[in-house]
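Shown next, in structure tokens, is the structure this report addresses.
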Amino acid sequence: MMRSWGNRPDTFVCDEPFYAYYLRATRRDHPGASEVIASGETDSRKVVEALTGDVPQGKHVFYQKQMTHHLLPPIDRAWLGAVTNCFLIRDPRDVIVSYIKKNNDPTLEDIGFVQQAEIFDWVRAETGAIPAVVEARDVLENPRGILELLCSAVGVEFSDKMLSWPPGLRETDGIWAKHWYGEVATSTSFRQPPPREPEAVPERLREVHEQSHECYARLYQHRLQ
């Protein structure tokens, strides 16, 4: 999704702006953590100021890729009222099976579904409206249709440039891209999702999966389709 929006000439992309703050605050052992902390902004107030200020480079659209677990409780939610919030959801089973390739023993907080549901509820209560929700597999199966719906929902004109892009990393990618974006870097468009595999979530993570799925299901009923 970040590649799709980043290929628009009117859009500036910001990649996980709270990551350095999150790692410094939690001391999580992520790949390249010390490098992320050293190169990023660790003051959450300064991050918020940048995200709610003018769009960089004089662009019209400011696409901010956030990870819900990065928005730790000390961060006041009020700033979310100054931006248009959209929620990308993905089947928790797929998230967990993918995540454990980098972190073999994630907690419920690491996966981020509980935080995502909480933020969704906050935005809905504050705005009095249901924010846009898109499901990852829906995007892969029907990129044009879902992106047209998303653009309409947020008041931005759809562009065909969102459907394909050149391969490689970007200046706007976080410094962590070399650890996490291997597949993204080789992509040139949305790829059809592979057939669903019966790959099971490890027994030790069953409770994490069940609780995550409850949150996922709450947002799934509101997805654009």
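The values are calculated or read from the model by the stated rules, or taken from the named source; none is laboratory data. Nothing here was measured: the structure is a model prediction, and the numbers come from that model. Quick reminder, even Gly has a Cβ in these numbers, built from the backbone with ideal geometry, and neighbours come from all protein chains shown. For the accessible areas, the whole protein counts, side chains as well, though only heavy atoms, and no ligand, DNA or RNA atoms are used. Shrake-Rupley method; radii C 1.70, N 1.55, O 1.52, S 1.80 Å.
State, as an integer percentage, the relative contact order of the chain based on alpha-carbon contacts under 8 Å between residues 6 or more apart.
On the way: 279 pairs, mean separation 60.7, N = 225.
Over the chain, the number comes to 27 percent.
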(Q) As I understand it, the dipole of the range 1-103 uses +1 on the Cβ of Lys and Arg and -1 on the Cβ of Asp and Glu, about the Cα centre. Which of Y19, S39, A50 lies farthest toward its positive end? (A) Y19
Q) Can you tell me the Rg and the Dmax, both Å, for the Cα atoms in the range 105-225? A) 16.7, 45
**Q.** Principal axis dimensions, largest first and in whole angstrom, of the chain by Cα
**A.** 48, 40, 39
Q. From the residues N103, M2, L72, which one has its Cα farthest along the dipole of the range 1-124 in the positive direction, the dipole being from +1 and -1 charges on Cβ of Lys/Arg and Asp/Glu about the Cα centre?
A. M2
Q. What size of dipole, in debye to the nearest 20, comes out for the chain about its Cα centre when the only charges are +1 on Lys and Arg C-beta atoms and -1 on Asp and Glu C-beta atoms?
A. 280
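Quick check for you: with a 1.4 Å probe and neighbouring chains kept, what is the accessible area per residue of the chain, in Å²? Present the calculation step by step, with values, prior to reporting the outcome.
Details: 12230 Å² over 225 residues.
Using a 1.4 Å probe on heavy atoms only, each residue of the chain averages 54 Å².
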(Q) Distances longer than 17 Å among the Cα atoms of the range 61-104: what percent of all pairs is that? (A) 50
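How big is the convex hull of the Cα atoms of the range 94-146, per residue, in Å³? Walk me through the numbers on the way to the answer.
Details: hull volume 4.5 nm³, N = 53.
Cα-based convex hull of the range 94-146, divided per residue, equals 85 Å³.
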Q) Which percentage, to the nearest 5, of the DSSP beta bridges contained in the chain is antiparallel? A) 10
Q: With the full set of protein chains in place, find how many percent of the accessible area of the range 66-159 is carbon and sulfur; take the probe as 1.4 Å.
A: 51
Q. Based on Cβ point charges of +1 for Lys and Arg and -1 for Asp and Glu, what charge dipole magnitude is obtained for the range 76-127 about its Cα centre, in debye rounded to the nearest 20?
A. 220
Q | Mean separation of Cα contacts under 8 Å (6+ apart) over length of the range 122-220, as relative contact order % | A | 26
**Q.** Where GluC sites (Glu not before Pro) in DSSP loops with at most 13 other Cβ within 10 Å are excluded, longest remaining stretch of the chain
**A.** 1-156
Q: Could you give the size of the charge dipole of the range 1-134 about its Cα centre, using +1 on the Cβ of each K and R and -1 on the Cβ of each D and E, expressed in debye and rounded to the nearest 20?
A: 240
(Q) Taking 4 °C and 1.567 mPa s as the conditions, I'd like the Stokes-Einstein D for the range 31-155 in µm²/s, using the Kirkwood hydrodynamic radius from alpha carbon pairs. (A) 78
Q. Which FRET efficiency value, to the nearest 0.05, do you get for H179 and E49 by plugging their Cβ-Cβ distance into 1/(1 + (r/R0)^6) with R0 = 35 Å?
A. 0.80
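Below 19 Å Cα-Cα, how many Lys pairs turn up in the chain? Only count pairs eight or more apart in sequence, or on different chains, if you could. Present the calculation step by step, with values, prior to reporting the outcome.
Numbers: K46/K65; K59/K161; K65/K161; K65/K178; K101/K178; K102/K178.
The number of close lysine pairs in the chain is 6.
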Q.
Please check: in the Gaussian network model of the chain (C-alpha springs, under 10 Å), which one of H209, H30, H70 has the largest mean-square fluctuation.
A. H30
